[in-house]
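Colleague: This structure is in structure tokens; I'll ask about it shortly.
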Amino acid sequence: MSSVIDVIMRLDTLAQDVRSAFRNLRRSPGFAALTILTLSVGIGANTAMFSVLNAVILRPAAYPRPAQLMFVSSRFPSLGFNQFWVSPPEYFELTEISRTFSSVGAYVTGEANVSTADRPRRVSTGIVNAELLETLAVPPQAGRWFRRDETRANGPRLVMLSSQLWRSAFASRSDIVGKTIEVDGVQNEVVGIMPPGFDVMDNHVEMWLPLQLNPSNRRNRGNHFLNLIGRVKDGATPAQAQAELAALVANWGERTGAKDHVFTPDGHALQMEPMQEEIVGSARLAIWVLQAAVGFVLLIACANFANLLLARAETRHREFAIRTAIGASRWRLLMQFVSEGCVLALGGGAVGVLLAWAGVRALVAAYPDSLPRAGEIAVDPSVLLFTFIVSLGTGVVFGLAPVLHLTPGGLHSSLKEGGVRGSTSARHGVRRALVVAEVALAVVLVVGAGLMLRTVMNLLNVDPGFDRSRLVTFALDLPLARYAKFENQLQFYQRLFGRLEGIPGVRRVSGMTGLPPNRQVDANDTDIGNYTAPKQGPFENVDYYQRVTQGYFETMGIPIVEGRGFEPSDAIGAPVAIVNETLVRTFWKDRNPIGQQVRQCCGDQIPWLTVVGVAKDVKQGGVDQKTGTELYFLLDQFPRLYPDVQVGGGALNITLRSTVPISTLGTAIEGIVRDVDPSLPVIKLREMDAVFRESLSRPRLLAQLLGGFAGLALFLASIGTYGLLSYLVTERRREIGIRMALGAERAAVLRHIMGQGLRLALFGLAAGLTGAFALTRLMATLLFDVEPNDPATLVAVAAAITSVAALACFIPAQRATRVDPVVVLRDE
């Protein structure tokens, strides 16, 4: 019973302290507002970034028992590929001999044209087998999964819809399951609707189609295009699955009977990693860097918070002394400090949540594809709990700053001095140390932001190999149901290009299969004439195949550095090809490339092509990546070279060089495409400059966020420096007045005050640069063409910090020079 009474009394005391805190803060609304706003910046930034960290890294993927899901891939170290696809024969062999995976599914991602009631749409697709759906184990919202017999060769034409596509394109029709819809010109039966948020490897899949492989066909072992996801059996561990995989690779041929293109430990091998790790990938380091950055911002805000509380405590020194004299214990005073600190911090947290909510929405809207699992980022209950803990901890820890005023000697002195404020060197030392810490933390952030800014500038200045100015691009995908052969496809594009060239302001039009500067690698085995691969390579494999139409190099502004480009006569002449500079250096560095021959893999029926030109290197796999080998084919030759082949080459990217802006061209382009074939959606109509910028979206996002956080940190640190000097000027007003009365010049007073502030800033600058030397090495992999301790960046940051500190010091120093010694002495 006594323990219950004790708890009730403690709660009552706590309630009294909280009510007292509110009363005290109502008497100082300006102080309360400034403190809450200061903390809201730091807490809001941390809340927003924790929302990202929680959704992307900490929260498990939305599948049953997600820790059992493994992403399985192959690798080709000899070709420079640390992660590669798996061929169908390799996939079926794995499912037959593995004992630690309960199931392994396969999938391919792509895009498809879908006819809807209002307009044709281009949607992202996941082409999957039934085993993948069983592995992921997420039941459909309506209907059913594909069955295994339906995901085998010559299976029926079926489709499953994502919940989002069902709502947006089909108006949430309750009777859609069992109906047919047109996909790439063919009717497919809808058998299911997947639940909201269902996806595979964060590919934003909107439609699911059956992957119809033939298990009995074990030829074409080198035809790699499958992604695999396996589920580890109950009772087994990922480590056991990894060990089994290594054991299988060690004697794959003996286990499967395969004779060629067999997995080996040091050559072509299988590997696995947790699916969530694969989804997050390289974004993990960037997110942790940003979380650390906002942690620095919060620490700076907390230092300002502590300084504000110390300054406020100076005005309440006599109050503390009186309360102590009439019997208040140090514990009661400490609880009062903590209560006021918590009220302020929780208020800052509440405002910070609002700032974070707006910031997260803006971030996801501006960069929807730059962060993995972006659709899951939200200020949810777990984020709110994090914010509450951070706010409460801030209030408790930094709310104790006024404890420095509770020294017995100081309280006794306050009573004898009749309320004149006293101060100790210890308190001033703490406040100066807080300002030094603020500046040091700000320096580290500004250095990091400067390095990322240099990285983005370096990336933007990379020569992509083509002239992206005044270039507009869009894509079309011709369905095989209506354009079965190359000849049909080429006739369509010739008709379309003729119409597009008639648009006023359009100078050239051409097409290409792969859109630089950030396309997926092809890695096609290719016969290279007059070249025999050494044991260690490079092997006869070309990174990028590029099918182009007439005038491609002229339209793109890609120089031909040797030989010639494609000419109209090539359409009916001998088969020809153009290669890039890297391919020449790789395979024919001691030979004249003009006249050499190349041939697509595989088979003697494939014709040899004669190289007639060498094009300047073009960045295809990313502007920050090494240029790969590239082989150009003339699309106009294909109907003659492959007259009986039914091939869907995927989307063709069409480029227009124009003197008019995209806002003028857009309507005309869509109208012409609609006239030529109304069933085709125009895909991603945009300027090539926008394509280039999108390829840099992640480093741009990191630079902008780091820059924003660094700006906040610098602003808060400058406010802290200004606040400390303003307080010191006010406290030393009498001393300054006496000095000036004794003949001190205003310039000397200005130098003296500014010197105090700049010394603190320089101490902070030195500490910050030392910390930056150590910490920026952690972000080395995020940088491009700039060292973590780049001297130019460090010098620029030092100059910027010094300038900001000088401005923060100048304002209170200038105010000190305006002290009238007569007025000060009369007041004293």
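Colleague: Alpha carbon centre of the stretch 165-205 versus the stretch 558-622: separation in Å?
Modeller: So the two Cα centres are separated by 43 Å.
Colleague: Say R0 is 60 Å: what FRET efficiency, to the nearest 0.05, do ALA433 and ALA246 get from their beta-carbon distance? Please list the in-between numbers first.
Modeller: Numbers: r = 54 Å, r/R0 = 0.91.
After rounding, the FRET efficiency stands at 0.65.
Colleague: Another question about this same structure. Counting only complete DSSP H runs, which helices of the chain cover 24 Å or more along their long axis at the Cα atoms and score a mean Kyte-Doolittle of -0.5 or above? Walk me through the numbers before you get to the answer.
Modeller: Numbers: long enough: 2-26 (36 Å, 0.11); 29-53 (35 Å, 1.49); 283-315 (49 Å, 1.44); 330-366 (52 Å, 1.25); 381-398 (25 Å, 1.98); 425-460 (52 Å, 1.34); 697-731 (50 Å, 0.96); 746-775 (42 Å, 1.08); 791-816 (37 Å, 1.50).
Result, helices passing both filters: 2-26, 29-53, 283-315, 330-366, 381-398, 425-460, 697-731, 746-775, 791-816.
Colleague: In nm, to one decimal, how far is the LYS626 label point from the GLN597 one, both placed 7 Å along Cα→Cβ?
Modeller: Result for the modelled spin labels: 3.0 nm.
Colleague: Is the stretch 89-142 best put as rounded, prolate or oblate by its Cα gyration tensor, with a ≥ b ≥ c the root eigenvalues, rounded for a/c under 1.5, and otherwise prolate when a/b is larger than b/c, oblate when not? Display every interim value, and only then the final one.
Modeller: Details: a/c = 5.20, a/b = 2.18, b/c = 2.39.
It is oblate, given that a/c is not under 1.5 and a/b is not larger than b/c.
Colleague: Given a Förster radius of 41 Å and the C-beta distance between GLU254 and GLU150 as r, what FRET efficiency does 1/(1 + (r/R0)^6) yield to the nearest 0.05? Mind dumping the intermediate values first?
Modeller: Working: r = 34 Å, r/R0 = 0.82.
Computed FRET efficiency for GLU254 and GLU150 comes out at 0.75.
Colleague: Computing the accessible area with a 1.4 Å probe over protein heavy atoms, can you report the carbon and sulfur percentage for the chain? Present the calculation step by step, with values, prior to reporting the outcome.
Modeller: Details: 21000 of 36550 Å².
It is 57 percent, rounded to a whole number.
Colleague: THR100's amide H: which non-local residues (gap 5+, or another chain) put their own amide H closer than 5 Å, with H modeled 1.01 Å from N in plane and none for Pro or chain starts?
Modeller: none
Colleague: Let me ask something else. Using alpha-carbon pairs under 8 Å, 6+ residues apart, how would you state the relative contact order of the chain in percent?
Modeller: Working: 1465 pairs, mean separation 132.0, N = 828.
Rounded, it is 16 percent for the chain.
Colleague: Next question, about the same structure. How many percent of Cα pairs in the stretch 740-815 exceed 15 Å?
Modeller: Values: 1819 of 2850 pairs.
Considering the stretch 740-815, 64 percent of its Cα-Cα pairs are separated by more than 15 Å.
Colleague: Taking the stretch 538-687 as the region of interest, what is the percent of Cα-Cα pairs per 5 angstrom bin, listed from the shortest bin to the one with the maximum distance?
Modeller: Spelled out per bin, shortest first, that is 2, 7, 15, 19, 18, 15, 12, 7, 3, 1, 0.
Colleague: Can you tell me how much longer the chain between ARG65 and THR664 gets when fully stretched, taken as 0.36 nm per residue apart minus their C-alpha distance, in nm with one decimal? Provide the component values of the computation, followed by the final result.
Modeller: Numbers: separation 599, 0.36 × 599 = 215.64 nm, distance 5.17 nm.
Between ARG65 and THR664, full extension yields an extra 210.5 nm.
Colleague: Assuming R0 = 56 Å, what is the FRET efficiency of ASN458 and PHE388, from their Cβ-Cβ distance, to the nearest 0.05? Each step should come with its number before you reach the end.
Modeller: Details: r = 42 Å, r/R0 = 0.74.
Calculated transfer efficiency: 0.85.
Colleague: Next up: Considering Cα pairs under 8 angstrom that are at least six residues apart, work out the relative contact order of the stretch 194-289 and quote it in whole percent.
Modeller: Values: 38 pairs, mean separation 23.7, N = 96.
25 percent.
Colleague: Per DSSP helix of 4 or more residues, -39500 (n - 2.57); summed, then divided by the residues of the chain. What does that give at 222 nm, rounded to the nearest 500?
Modeller: Values: 25 runs with 401 residues, N = 828.
The per-residue figure over the chain is -16000 deg cm²/dmol.
Colleague: So which aspartates and glutamates can LYS589 reach, going by Cα to Cα under 17 Å and dropping same-chain residues fewer than 8 places off?
Modeller: Leaving aside aspartates and glutamates fewer than 8 places away in the same chain, those within reach of LYS589 are ASP527, GLU540, GLU562, GLU581, ASP617, GLU630.
Colleague: How far apart, in nm, are the 7 Å Cα→Cβ label points at ARG507 and ALA378?
Modeller: Using points 7 Å along Cα→Cβ, the separation is 5.0 nm.
Colleague: Rounded to the nearest whole Å², what accessible area per residue is found for the chain with the 1.4 Å probe? Working shown, then result.
Modeller: Numbers: 36550 Å² over 828 residues.
Ligands and nucleic acids excluded, the result is 44 Å² per residue.
Colleague: Given (1) 87, 79, 44; (2) 107, 72, 56; (3) 156, 77, 56, which label gives Cα extents along the principal axes in Å as computed from the coordinates?
Modeller: Calculated Cα extents along the principal axes in Å: the matching label is (2).
Colleague: Quick one: work out the % antiparallel among DSSP beta bridges in the stretch 562-677, nearest 5. Walk me through the intermediate numbers first.
Modeller: Values: 7 of 12 bridges.
In the stretch 562-677, approximately 60 percent of DSSP beta bridges are antiparallel ones.
Colleague: Could you check the spin-label model distance between GLU567 and THR180? Points 7 Å from the Cα along Cα→Cβ, value in nm.
Modeller: About 5.0 nm, to one decimal.
The values are calculated or read from the model by the stated rules, or taken from the named source; none is laboratory data. Since the structure is predicted, the reported quantities are computational estimates derived from the model, not experimental observations. Backbone-built Cβ (ideal geometry, glycine too); neighbour counts: all protein chains shown. Side chains included, ligands, DNA and RNA excluded: accessible areas come from the protein's heavy atoms. Shrake-Rupley method; radii C 1.70, N 1.55, O 1.52, S 1.80 Å.
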